[in-house]
Amino acid sequence: MVPMLMLRVTLVLMVILTELYAKENTHDFISKYNKYNTVCRGMGYEKKSCKGKYHGVIAFHARTSTALQNLGSYAVVVFGKVTLNSGSAYNGNTGIFTAPTDGIYSFTWTILTSPGSNFFTEIVMNGNIVGYDYANGKSGGSHHESSSTTAVIRMKKKERVWIRTHGKEGRYAYAAWSSFSGFRL
């Protein structure tokens, strides 16, 4: 493994040094840059953005912007107040995360219910249930209850994940106290 990597690095350095000594114009420089880029991508190196938005980090955090009440059966729970969205993979309008690259992703969501209420949710990938969470404010009588769940999911590029109500159990969740977050490992 190490000798192959050293060979690749040595070859790239030799090409760069050889071409540094040649006189070139702007067109030649751009052409060579594109060739280097192609060689590096072929070796498995990932292209990074210069705009400061992506840099390979995919992570988001969002929370509810209003109280959620009486959501329908299997309704998407929209966590509309997005506080972090590195990689721009989470849509705060739809509540859906779309994987920008293949990988293993970790998702966590927390629901806070009012006394006497409950909120049963599930995380789904492309419509298939991956995990459940049940916040039950009935157990404590006069206390608010919260519940959190984490799911680690292998995803392919463009696959989607979201939180939705389970059946008719989307009764009441507090604004700003319920959240959804995720990141690529």
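Using 19 Å as the cut-off for backbone N distance, which residues of the stretch 72-114 belong to the label zone defined by a point 7 Å from the Cα of ASN128 along Cα→Cβ? Answer for this model: 97-107. Largest accessible area first, the listed residues TRP109, TRP177, TRP162 line up as TRP177, TRP162, TRP109 when surface is computed with a 1.4 Å probe on the assembled protein chains. Per-residue SASA remark: ARG8, around 100 Å² accessible (1.4 Å probe; ligands, DNA and RNA not included).
Solvent-accessible surface of protein heavy atoms, probed at 1.4 angstrom with all chains present, puts HIS143, HIS61 in the order HIS143, HIS61, largest first.
The values are calculated or read from the model by the stated rules, or taken from the named source; none is laboratory data. Please read all numbers here as calculations on a predicted model, not as lab measurements. Cβ coordinates were reconstructed from backbone atoms using ideal geometry, including for glycine residues, and neighbour counts include every protein chain displayed. Heavy atoms of the whole protein, side chains included, go into the accessibility calculation; ligands, DNA and RNA do not. Shrake-Rupley method; radii C 1.70, N 1.55, O 1.52, S 1.80 Å.
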